1. Quick one: net charge around Leu97, please, counting Lys, Arg +1 and Asp, Glu -1 for every other residue with C-beta under 10 Å from its C-beta.
2. What relative contact order, as a whole-number percentage, does the range 166-235 give when Cα pairs under 8 Å and 6 or more residues apart are counted?
3. What ranking, highest mean first, results for peptides 228-234, 93-99 when packing means the other Cβ atoms within 10 Å averaged over each residue?
4. Quick one: which residues, 5 or more positions from Asn312 or on another chain, have an amide H under 5 Å from its amide H? H modelled 1.01 Å from N in the peptide plane, none for Pro or chain starts.
5. Could you state the orientation-averaged shadow area of the convex hull built on the Cα atoms of the range 121-278, in nm² to one decimal?
6. Taking θ as phi - 60°, what are the ³J(HN,Hα) couplings along the range 173-185 by the Karplus curve (6.51, -1.76, 1.60), each to the nearest whole Hz, with x for Gly and Pro?
7. So if I take the centroid of the Cα atoms in the range 220-261 and the same for the range 276-311, what is the distance between those two points in Å?
8. Tell me, what HN-Hα J-couplings in whole Hz come from the Karplus equation 6.51 cos²θ - 1.76 cosθ + 1.60 at θ = phi - 60° for each residue of the range 234-247, using x for Gly and Pro?
Amino acid sequence: MRFCPTAVIALALPLLVDARAPKYEKYVSQVMGNIAYIDTKQSIGFGYWVQLADKSLIPLFNKLTLKDEMTIVMPNTEAFANFIESKGGNWSDPETLTTPAWRSIWDDTYDYFFFKTKLNTSAIAEGETVVLESYKQSPVGDWPLTIAYRREVGYAAIGVNDTVYNGTFVAEPWGVSNVSFPDYVAYPNINADLVTGWIYEPRNLSVTIAKMNVTAWTDITSRLPSIASLETQQNFTLFLPPNDILTNALAKSDADLLTFINAHLVQNTRVVLSPTAQTVKTVAGNLITASPSSVTSGSQNATVTMRDIFTNGGMVQFISASLQGNTTTAAVRERSEL
């Protein structure tokens, strides 16, 4: 167990306030003062970290009004220590984390822990997933980065000494973080949730897929420009079979390969899996019925191996098998109609 240095605790909250936004001084001070209740107990790094950012919290609060609802997700102290060490920093020497380079890191990081909805985790039904938009813009388009909170089935209310959690902020395949201190009222319109790990930002579609060792995706996108363009699109859901199936699909012509991928691609929506099965239509025209554990399309069935994976644009549902049956391809249909 790591302990935060005394210097971290001693850092004064007034650093959050500057002359650029005097009308928000009381607001910011009250919010951070209330958060300090959690901060000094389990996430000392949080108050330290947000104050080190070059711009502090003032620009963020300038975007808001006093009526805007918000959720602040706070990694615990252990998570901060691990993050700092992963960037080559020295957690034991906080003064080294005030350099221009580190201020830039903090400034780039903190917006993703502030979300535009006041999440009440206890009101979410077991098995349900809620999508939250952050105050950080996606690097690939003009939309916010998102995160998913899932109320896990069988999770009880918070127990003594944080031995029971009520849900999870999902950032797979990079990591997950259980909520160990939920829905603390930092301000009437702001809830704060302490989590057991780091909150990882979603990455590019190709990077996310590569993390799952699906190497054939690179060859697919090199052949299909329309599929490669998903990298900079927002609302889509890709039901992605495993690498061996995609590798076999590479033997198809470009037209047939595109039809194959389109049979797994839903446009204009991000399909978040919930206990109630959903039926959606793919670009290829086949219907997919999806639940948290399985998906079907006609006679084709697959197991969901990793669900609700946000990229910095759309979403991926990793599945165990192909959803394309022995259907006539678009190219064959076109020739038959001549």
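Read-outs: derived from the displayed coordinates by stated rules, not from any lab. None of the values given here were measured: they were computed from a predicted structure. No Cβ is skipped: glycine too gets one built from the backbone with ideal geometry, and neighbour counts run over all protein chains shown.
1. With Lys, Arg at +1 and Asp, Glu at -1, the net is 0.
2. Relative contact order, the range 166-235: 22 percent.
3. So the order, starting with the most tightly packed, is 228-234, 93-99.
4. Arg203, Asn204, Leu205
5. Result: 11.1 nm².
6. For the range 173-185, the Karplus-derived couplings read x, 8, x, 10, 9, 7, 7, 10, 9, x, 6, 6, 7 Hz, x marking Gly and Pro.
7. What the calculation gives is 16 Å, centre to centre.
8. 9, 9, 7, 10, 10, 8, 9, x, x, 4, 5, 5, 5, 4
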